[in-house]
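One structure is given here, and the rest of the page talks about it.
Computed from the coordinates by the stated procedures, all read-outs in this text should not be read as laboratory data. No experiment lies behind these values; they were computed from the predicted model shown. Please note: Cβ atoms are built from the backbone with ideal geometry, for glycine as well, and neighbour counts cover all protein chains shown.
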Amino acid sequence: MGRIEANPTVSRLLMGLALLIVLGAVYYAARSVLAAVPLGPQQTVTTINPKMGVHTRLTDEAEEWKIKRSLEMVREMGAPWIVEYFPWAYYEPEPGRFGWNHPDTVIAHATRQGLTVVARLGFAPEWARPAGTIPLYLDEEHYVDFGRFAAAFAARYRGQVDYIILWNEPNLSQEWGYRPVDPESYTQLLRVVYPMVKEANPDVQVLAGALAPTLAPAGSEWGMNDLIYLQRMYDAGAAAYFDVLAIHAYGWSFDADDAPDPEVVNFRRAELLRDVMVRNGDGDKQAIITESGWNDHPRWTRAVSPGRRIANTIRAYEIAADWPWLDAIAMWAFRYPWDAKNYQDDYTFVGVDFEPKPIYWEVQAYARGAGDSP
Amino acid sequence: MGLRRRMQAAGWRQRLLLVTGLAVIVGMVAFWLTSRFLFGGVDETWQRIQETGVWRVGMDPSFPPFDLLDGEGRPTGYDVDLAQAIADRWGVRVQIVAIGFDGLTDALLAGKIDSVISALPYNPRLTQDLSYSRSYFEAGIRLATAEGSPIRAVDDLTGKRLAVEWGSNGDAEARRLQRADPTIRRLTFPSPQDAAAAVTAGEADGVLVDGVTLRQMQGKGAALVAVGPALESNPYVIALPVDAYTVRGEIDAILAEFVTTGFLAELENRWFSESTQP
């Protein structure tokens, strides 16, 4: 057998290539180490009201230090609960191929800050819906795909995330993929997904509903009255397929103490949804208000003055503390990754630059048992 | 010529052809880009306005004194007068299209209107899709004092009492100033009017309030003087289609002239006077 002579040029090329690979690996490792944001020590939230929460908006927040700073500020404000959106399409771009980097980061920082995470799941990937539809469209054929994702999420974050919301505001046509809303089909979604999630993680509490408060008249193309929608969910057998009702309770231009009225969208409309639960024999279940709040935009017709926004927000936290059937209340929204430059900006507690708005300081003062109203 | 030399010559010919081809493509692209800017191209918005003699302006008539409806339901206000004055310079008719504030940008993008004039704040995030004129009104947070006050700038607020509407953007600014200078005393009031009244009554040394509210209070006779530039800028601008460069150039020139001639100041006096305020 003859010897194979090494070609010196090829050898040099191979050595150079090997050196490049090693240098690349060192650079990548060093960059990862330098870019990593330390979780820091385990924290706890100090507050007089353990039901206080906010809806964060970290979904599109790419920079880890901003995720950490947001969650630190939530803790420092005195809110032990957050609701956060985890879009299915972001994390399962192909069937069965999951990318958990972003939710890993958010949940690790949230739990390290001592926050309880309520995870909202939805937003269908392209492969799970017909061409030409939007990510809020999910047909019954793909409920099981959504169930697989929700179950994978529940299993992965077992011990870190104990609350999962299935879909959002299905009583609005827009949130139902611009189709006529369908409480029976949403109930079918619960019927398919709930057992998959519970099998993956029996400890997790599954939230359903998250209905938009609306007075949409019968037959409206835009949506269905939330009270009617919830009753139709019960009629379709939804009670067996969720553990906690998710409620959206916005104040619009009304005060937090204004009495509930089926013809009015106000904060205490939450009590009417609770009544529907009780009427359907579901009174032993708890509820969580996963979106709430007031807006102080100077031009939005449903806004209030900045002072009324603060007063009503704090009053809503107080009212929530007195409702034994409610576990938590999350105000929309803590901070956006960027300014919307419309009325939505006037829901936030903190600016894009992390500058606290007065409402942040006032809520923090309330959580510490103090106050600063004029 | 040997085989090797012939192959080399063929290679050079191929390379020359490739380089020449690339140079031609790059040149064509460069010519297209430069001609677009140097020679103007076609501003379809400007062309349409000139051809039809109509300038379609989107407006949400629910923000007095800039945009409101008169007793007969017709749009009126500062922005209507501004639009009319610009249209007069062009010799065209203004058609005000009433649209909800949050739908104005979409209407412009969809080509339903030619411009938005509606106390619209500049939005840097939309500059890929829209273009904006220069500012015609500063609505940002201002420091105002009583006439004759020695306060000339925020640096003079040390040890002073600063009135704000509780929870407002002015309150946010006051808290920021207070963090830098804890001797500033922040006094909170239920409304900006109450905060301003505290200044005129001598109970506070200054007030932080947005530019629109300040002008409204001045128009109603409050003896307040704005001090220094806006602490947080919020300029009102005219929004246009992103490729409406001729319209934007025309509007910018006219607005600059309106500053020089005092027409914008006249509009402020007209629409922030006591008689025109609700």
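Couple of notes before you dig in:
- Rg over Rh, two decimals, the stretch B:133-206 (C-alpha only, Kirkwood Rh): 0.99
- Length added when fully stretched, residue A:199-residue A:36, from 0.36 nm per residue minus Cα-Cα: 55.3 nm
- Cα-based helix-to-principal-axis angle, A:143-156 vs chain A, degrees rounded to 10: 70 degrees
- 10 Å Cβ shell holding at most 10 others, DSSP loop, GluC sites (Glu not before Pro): longest site-free stretch of chain A: A:6-220
- A full extension of the chain between residue A:14 and residue A:59 corresponds to an added length of 11.9 nm, given 0.36 nm per residue minus the alpha carbon distance.
- Modelled this way, with points 7 Å down the Cα-to-C-beta line, the labels at residue A:352 and residue B:127 are 1.2 nm from one another.
- Which of A:294, A:81 has the fewest Cβ neighbours within 10 Å, and the rest in rising order: A:81, A:294
- Helix-only [θ]222 nm of chain B, DSSP H runs n ≥ 4, -39500 (n - 2.57) each, per residue, nearest 500: -14000 deg cm²/dmol
- Summarising the strand pairing of the stretch B:141-232, around 55 percent of its internal DSSP beta bridges are antiparallel.
- Cα gyration tensor, the protein assembly as shown - rounded (a/c under 1.5), prolate or oblate: oblate
- Degrees, to the nearest 10: A:226-235 long Cα axis against longest axis of chain A: 80 degrees
- Most mobile of A:119, A:152, A:340 in a GNM of chain A (Cα contacts under 10 Å): A:340
- Extension gain from residue B:261 to residue B:225, taking 0.36 nm per residue of separation minus the Cα-Cα distance: 10.7 nm
- Backbone phi angles across the stretch B:126-138, fed through the Karplus curve with coefficients 6.51, -1.76 and 1.60 (θ = phi - 60°), yield HN-Hα couplings of 9, 6, 7, 9, 10, 10, 10, 6, 5, 6, 10, 7, 9 Hz in residue order; Gly and Pro are listed as x.
- Among the listed pairs A:198/A:357; A:357/B:160; A:357/B:112; A:68/A:341; A:285/A:357, those beyond 28 Å (Cα-Cα): A:198/A:357; A:357/B:112; A:285/A:357
- Annotation: the antiparallel percentage among DSSP beta bridges lying fully within the stretch A:49-367 is about 10.
- Near the amide H of residue A:83, within less than 5 Å, lie the amide hydrogens of A:54, A:55, A:56, A:118, all on another chain or at least 5 residues away, with H placed in the peptide plane.
- Each residue of the stretch B:214-221 was assigned a 3J(HN,Hα) from its phi angle through the Karplus curve 6.51 cos²θ - 1.76 cosθ + 1.60 (θ = phi - 60°); the sequence is 4, 5, 5, 5, 4, x, 8, x Hz, with glycine and proline shown as x.
- Between the Cα long axis of helix A:64-77 and the first principal axis of chain A there is an angle of about 30°, rounded to the nearest 10.
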